[in-house]
Amino acid sequence: MTSFKPLSFSDIAQILPMMEEFYAIDHYPFEIETSKKLFNQFHEDEKLGKAWLIFDENEIVGYAILTFVFSFEYQGRIAFLDELYIKKSAQGKGFGKQTLHFIRQEAHKLSLKIIYLEVEPHNHAAQKLYIANDFEEHKRKLFKYTVQ
């Protein structure tokens, strides 16, 4: 049975190895001390977002992180599904689908107007999962500016 537990301060040590595995897939930089500091900041300020551990019975199989943004265009608070990670050993078993269902339920409780997410172009499995769960490809192009 899949269940979701809000991330607590004591869970940070458990989520960091999964985050490192997730980042390694696409060769993203990962610094454990920086991530610890970010989790502490995130956990202390509930206005930044919500995070959950994903369980299969008593085993952690992944995590999900929603971050919040205020949008005039969408008339309120929106979210970015910043991270959804399912361990390799648990992939293809429905945990992603169940997590997206849970996230949609939480979005209603949190009065969110929209949820954005990013997918790497090569990650066809994730794209298929999101499309099958009522997410649609956004027609706008995403840009970034790195503040230095």
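The values are calculated or read from the model by the stated rules, or taken from the named source; none is laboratory data. None of the values given here were measured: they were computed from a predicted structure. As a convention, Cβ positions derive from the backbone with ideal geometry for all residues, glycine included, and neighbour counts pool all protein chains shown. Please note that ligands, DNA and RNA were not included when accessible areas were found on the heavy atoms of the full protein model with its side chains. Shrake-Rupley method; radii C 1.70, N 1.55, O 1.52, S 1.80 Å.
Looking only at residues in segment 114-130 that are open to solvent by less than 40 Å² (accessible area, probe 1.4 Å) and among the hydrophobic types (A, V, I, L, M, F, W, C), the one that is farthest from HIS27 (Cα to Cα) is ILE115.
Going through segment 6-31 one residue at a time, which ones are of a type in the set (A, V, I, L, M, F, W, C) and open to solvent by 80 Å² or more (accessible area, probe 1.4 Å)? Result: PHE9, ILE25. Contact map, segment 1-27: residues that are farther than 18 Å from THR99 by Cα paired with residues that are open to solvent by 90 Å² or more (accessible area, probe 1.4 Å) and assigned to a loop (DSSP other than H, G, I, E, B), Cβ distance under 8 Å, separation 6+ or inter-chain. Pairs shown: TYR23/PRO29. Entry remark, segment 39-98: residues being farther than 25 Å from ILE25 by Cα and in contact with a helix residue (DSSP H, G or I) (Cβ under 6 Å, 6 or more places away or on another chain) number 2 in total.
One line per residue, one yes/no per condition, for (1) assigned to a loop (DSSP other than H, G, I, E, B); (2) of a type in the set (Ser, Thr, Tyr):
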{"residue": "LYS97", "(1), (2)": "no, no"}
{"residue": "LEU100", "(1), (2)": "no, no"}
{"residue": "VAL119", "(1), (2)": "yes, no"}
{"residue": "HIS122", "(1), (2)": "yes, no"}
{"residue": "ALA125", "(1), (2)": "no, no"}
{"residue": "LYS139", "(1), (2)": "yes, no"}
{"residue": "PHE143", "(1), (2)": "yes, no"}
{"residue": "THR146", "(1), (2)": "yes, yes"}
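For segment 80-90, a tally of residues being open to solvent by 60 Å² or more (accessible area, probe 1.4 Å) and closer than 21 Å to LYS113 by Cβ returns 1. Considering segment 15-44, the residues that are among the hydroxyl-bearing types (Ser, Thr, Tyr) and in a helix (DSSP H, G or I) include one that is farthest from SER3 (Cα to Cα), namely THR34.
Filtering segment 32-44 to residues that are among the hydroxyl-bearing types (Ser, Thr, Tyr) and surrounded by 13 or more Cβ atoms within 10 Å (Cβ to Cβ) leaves only SER35. Whether any residue in segment 91-113 is surrounded by 13 or more Cβ atoms within 10 Å (Cβ to Cβ) and farther than 21 Å from PHE4 by Cα is what I want to check. For segment 91-113, residues surrounded by 13 or more Cβ atoms within 10 Å (Cβ to Cβ) and farther than 21 Å from PHE4 by Cα: present.
Of all residues in segment 45-79, those satisfying the criterion of being under 19 Å from PHE135 (Cβ atoms), open to solvent by 50 Å² or more (accessible area, probe 1.4 Å) and part of a strand (DSSP E or B) are LYS50, VAL69, ARG77. All told, LYS113 meets the bar of being touching a Gly at 6+ places or on another chain (Cβ under 6 Å) and touching a residue at least 12 places away in the same chain (Cβ under 8 Å).
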